[in-house]
Amino acid sequence: MTRHGVARVISKLGLASRTQAAEWVRGGRVRVNGRVVRDAEHPVRQGVDRIDIDGAAPEPARRVALMLNKPRGLVTTAKDEQGRDTVYRCFEGAALPWIAPIGRLDKASEGLLLFSNDPEWAARITDPGTGPPKTYHVQIGQIPGPKLLAKLERGTQVQGERLAVRSARTLRAGEKNAWLEIVLDEGRNRHIRRLLESADVPVLRLVRVAIGSLSLGTLAKGQWRMLTEKEIESL
């Protein structure tokens, strides 16, 4: 039978992040089969070994999934070592269980960001092989031509990593800048920014507007809402 570290098992119940669960273990709050363990990697047979937290057997948390319209300037993390504002500021005062972001948007980026307390569901969404495509609207500081769009789709090596997009098209163009619609099958660290920067194209704004069939819609900046069961299943 497969064994997993006790912190991982607690996290999979949707009660805390693996980091938080490891802190509970080190703090002596967790027992396995009646014995206090302080090693977060202590092997546990899920469904066989009994886990108690603060003297009681934990119940798996009800799945929570929500979407946030992330404002520019917030960091996608629970706690920032530099003291910068994080996306969790948008949930202040809300009665929510532990939730974690699914994927990331960098500090300067905006738009659709998902959160959940279900690590397995989150992993399916972020998996590059099975996860839904992500759609972005990107304002650039020049007028794109067909060669640029083709180059983005063809891809290129950037710092030893091959980056490409699923599709790229011009939404609208002015005299000096334009908006592109870019679709990714997977989102690596600063994927779009790095790819455009490698082509000497300045990025003015980057907004994620959809994940699969789930659209940002009219959700206001800094606001969030729960996903419906239909939306959860569609992702």
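In summary, strands (runs of 3 or more DSSP E) completely within region 151-208 and bearing 2 or more residues that are under 13 Å from Thr135 (Cα atoms), modelled with pLDDT of 90 or more and not charged (D, E, K, R) occur at 167-173, 178-184. Exactly one residue out of Ala100, Ala40, Ala22, Ala78 is under 30 Å from Tyr136 (Cα atoms), at pLDDT 85 or above, of a type in the set (A, V, I, L, M) and not assigned by TED's automatic domain parsing to the domain that holds Arg190, and it is Ala100. Filtered by the rule that a residue be in contact with a strand residue (DSSP E or B) (Cβ under 6 Å, 6 or more places away or on another chain) and either in a strand (DSSP E or B) or among the polar types (S, T, N, Q) (or both), region 102-121 gives Ile102, Ser109, Glu110, Gly111, Leu112, Leu113, Leu114, Phe115, Ser116. The set of residues in region 71-92 being in contact with an Asp or Glu (Cβ under 6 Å, 6 or more places away or on another chain) and not hydroxyl-bearing (Ser, Thr, Tyr) consists of Arg72, Leu74. Among the residues of region 125-140, the one identified as at pLDDT below 85 and of a type in the set (Ser, Thr, Tyr) is Thr130.
Residue by residue, here is whether (1) over 17 Å from Val207 (Cβ atoms); (2) in contact with a Pro (Cβ under 9 Å, 6 or more places away or on another chain); (3) among the polar types (S, T, N, Q) holds:
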position	(1), (2), (3)
Glu59	yes, no, no
Val64	yes, yes, no
Asn69	no, no, yes
Ile99	yes, no, no
Asp106	no, no, no
Pro119	yes, no, no
Ala122	yes, yes, no
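Does region 102-112 include one or more residues that are in contact with a Phe, Trp or Tyr (Cβ under 7 Å, 6 or more places away or on another chain) and β-branched (Val, Ile, Thr)? Taking every residue of region 102-112 in turn, at least one turns out to be in contact with a Phe, Trp or Tyr (Cβ under 7 Å, 6 or more places away or on another chain) and β-branched (Val, Ile, Thr).
The values are calculated or read from the model by the stated rules, or taken from the named source; none is laboratory data. None of these values were measured; they are calculated from a predicted model. When we count neighbours, we look across all protein chains shown, and the Cβ atoms used for this are built from the backbone with ideal geometry, even at glycine.
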